[in-house]
Amino acid sequence: MKRDSLLVLLIGGGLIAAGFVARAQDNESHNRSSETSEERLYLNPSVMKRVTLAFNGVGADWYWLRSLQYVGRKVVAYEDSHEGRMDFATLASLDLRLLPSLLKMSATLDPQFMEPYSYGAVVLPEINSQEAISLINWGIAANPQQWRLHQHLGYIYWQRGEYSKASEVYDAGSNIPGAPAWMAVMSGRMKAEGGSRDAAREMYQHLYEASNDDAVKQMVAAQIMRLDSLDEQETIRRVLNIWTARSGRCPSSWKEIAPLLRAAQVRLEAKAEAPIDPSGVPYQLLRNGCDVDVDVHSRVPKR
């Protein structure tokens with residue numbers, strides 16, 4: 001009898017949870033008016049956790065998927081209205097005001113679910129870095145043995161330019177059993193060269209390797225491309241300066257300086273002999289051939 005009663009309670013709880021989720025979906029679909037309207041959470045995290053009872057994991061998954069759909073819809077709307085592809089630096093203009101609450105809802109329902117933390121660590125700092133810190137600190141409190149959460153928090157402080165704080169967080173994470181040796185190395189690097197491009201590249205590389213989320217990997221890979229492009233542009237500018245000093249003018253085309261670019265080991269497009277960026281798109285000559293920048297069609301983010 002006890003077992004049957006417990007089963008009835010569990011099934012009843014599941015039906016209640018499903019009802020709230022369905023009602024939230026109906027509310028979202030019927031009340032979404034124009035661009036001026038904004039979605040809202042049907043219940044706050046603490047209430048939803050009580051409602052879903054033993055089905056918290058299902059609720060966490062649902063809110064996690066809703067987070068991705070929410071951002072995805074905003075990205076599609078932005079690209080439709082701007083006739084182009086958005087990049088990582090455009091996130092702040094998407095008005096993602098609901099995202100912190102969605103991620104916090106998922107984390108509250110299942111504090112051991114890591115994906116909302118890793119996604120939030122990469123995306124939220126572009127929107128509200130304090131919300132990102134709050135989310136990761138919530139995760140650390142619930143998962144004190146997860147060194148990756150310290151990696152995420154260190155990344156957020158690094159992005160804010162708080163290199164000393166980032167160093168402290170990496171150091172704390174390096175003392176957690178199972179943490180890789182590079183956590184301690186990153187702690188030292190944050191103190192010594194937190195603002196350097198090499199430190200940024202290592203930061204993004206570790207984030208890429210630690211994440212299982214394709215969306216996070218894509219965003220981090222784009223930032224690594226940006227760093228590689230900045231290195232390439234510096235090399236190209238040196239070549240431009242050398243050629244200009246010799247000839248007394250700026251080159252009128254890439255073909256004029258192709259031999260110097262090859263000598264500098266810059267990758268060139270076969271036909272036009274133009275240098276190509278990490279996304280495979282030719283760089284553009286600017287200021288009458290005296291400077292270089294990425295093309296408007298490039299997949300390399302500006303920031």
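The values are calculated or read from the model by the stated rules, or taken from the named source; none is laboratory data. On a predicted model such as this, the values are computed, not experimentally measured, just so you know. Reconstructed Cβ throughout: ideal geometry from the backbone, glycine too, with neighbour counts over all protein chains shown.
Sub-8 Å Cβ pairs linking a first residue in the range 79-102 that is farther than 17 Å from A121 by Cα and surrounded by fewer than 16 Cβ atoms within 10 Å (Cβ to Cβ) to a second residue that is at pLDDT 80 or above and not β-branched (V, I, T), at least 6 apart or interchain, are R85/E79; R85/R299; S93/Y78; D95/K74, ordered by first then second residue. If you go through the range 118-131 and keep only what is touching a residue at least 12 places away in the same chain (Cβ under 8 Å), over 19 Å from N212 (Cα atoms) and either in a helix (DSSP H, G or I) or not assigned by TED's automatic domain parsing to the domain that holds D214 (or both), you end up with P125, E126, S129, E131.
Selection of first residues in the range 283-303 that are under 21 Å from G248 (Cα atoms) and of second residues that are in a strand (DSSP E or B) and β-branched (V, I, T), restricted to Cβ pairs under 9 Å at least 6 apart or on distinct chains, gives the following pairs, ordered by first then second residue: Q284/V292; L285/V292; L286/V292. Within the range 156-173, one or more residues are of a type outside the set (D, E, K, R), within 21 Å of the chain's Cα centre (by Cα), assigned to a helix (DSSP H, G or I) and at pLDDT below 95. Let me confirm something: among V292, V300, which residue is more than 28 Å from V71 (Cα to Cα), hydrophobic (A, V, I, L, M, F, W, C) and surrounded by 14 or more Cβ atoms within 10 Å (Cβ to Cβ)? The match here is V292.
Okay, residues lined up against (1) of a type in the set (D, E, K, R); (2) closer than 23 Å to S187 by Cβ; (3) in contact with a helix residue (DSSP H, G or I) (Cβ under 6 Å, 6 or more places away or on another chain); (4) not assigned by TED's automatic domain parsing to the domain that holds A60:
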residue: H82; (1), (2), (3), (4): no, no, no, no
residue: R97; (1), (2), (3), (4): yes, no, no, no
residue: Q112; (1), (2), (3), (4): no, no, no, no
residue: Q146; (1), (2), (3), (4): no, yes, no, no
residue: S164; (1), (2), (3), (4): no, yes, no, no
residue: G173; (1), (2), (3), (4): no, yes, yes, no
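Output the helices (runs of 4 or more DSSP H) that fall wholly within the range 189-300 and possess 3 or more residues being more than 30 Å from H152 (Cα to Cα), or say none. Once the helices (runs of 4 or more DSSP H) in the range 189-300 are filtered for at least 3 residues that are more than 30 Å from H152 (Cα to Cα), what remains is 214-247, 254-263. Scanning the range 252-279 for residues that are surrounded by 14 or more Cβ atoms within 10 Å (Cβ to Cβ) and more than 30 Å from Q223 (Cβ to Cβ) turns up just one, E256. Contact annotation: residue pairs with Cβ atoms under 8 Å, 6 or more positions apart or on different chains, pairing a residue in the range 215-229 that is within 27 Å of L65 (Cβ to Cβ) and at pLDDT below 95 with a partner that is of a type in the set (K, R) and not in a helix (DSSP H, G or I), are A222/R299.
Yes/no per residue for (1) modelled with pLDDT of 90 or more; (2) at positive phi; (3) of a type outside the set (A, V, I, L, M, F, W, C); (4) not in a loop (DSSP other than H, G, I, E, B):
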residue: D61; (1), (2), (3), (4): no, no, yes, yes
residue: Y70; (1), (2), (3), (4): yes, no, yes, yes
residue: D80; (1), (2), (3), (4): no, no, yes, yes
residue: M86; (1), (2), (3), (4): no, no, no, no
residue: L91; (1), (2), (3), (4): no, no, no, yes
residue: S101; (1), (2), (3), (4): yes, no, yes, yes
residue: A107; (1), (2), (3), (4): yes, no, no, yes
residue: F113; (1), (2), (3), (4): yes, no, no, no
residue: P116; (1), (2), (3), (4): yes, no, yes, yes
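Inspect all residues belonging to the range 179-189 and state whether any of them is free of Cβ contacts under 8 Å to residues at least 24 places away in the same chain, crowded, with 16+ Cβ neighbours inside 10 Å and within 25 Å of T108 (Cα to Cα). Within the range 179-189 (the criterion being free of Cβ contacts under 8 Å to residues at least 24 places away in the same chain, crowded, with 16+ Cβ neighbours inside 10 Å and within 25 Å of T108 (Cα to Cα)), the answer is no, since none of the residues qualifies. One residue is enough: does the range 126-136 have a residue meeting the conditions under 18 Å from L65 (Cβ atoms) and under 17 Å from the mean Cα position of the chain (by Cα)? Yes, the range 126-136 has at least one match. The residues of the range 140-164 that are closer than 16 Å to D110 by Cβ and without any contact (Cβ under 8 Å) to a residue 12 or more places away in the chain amount to a single one, A141.
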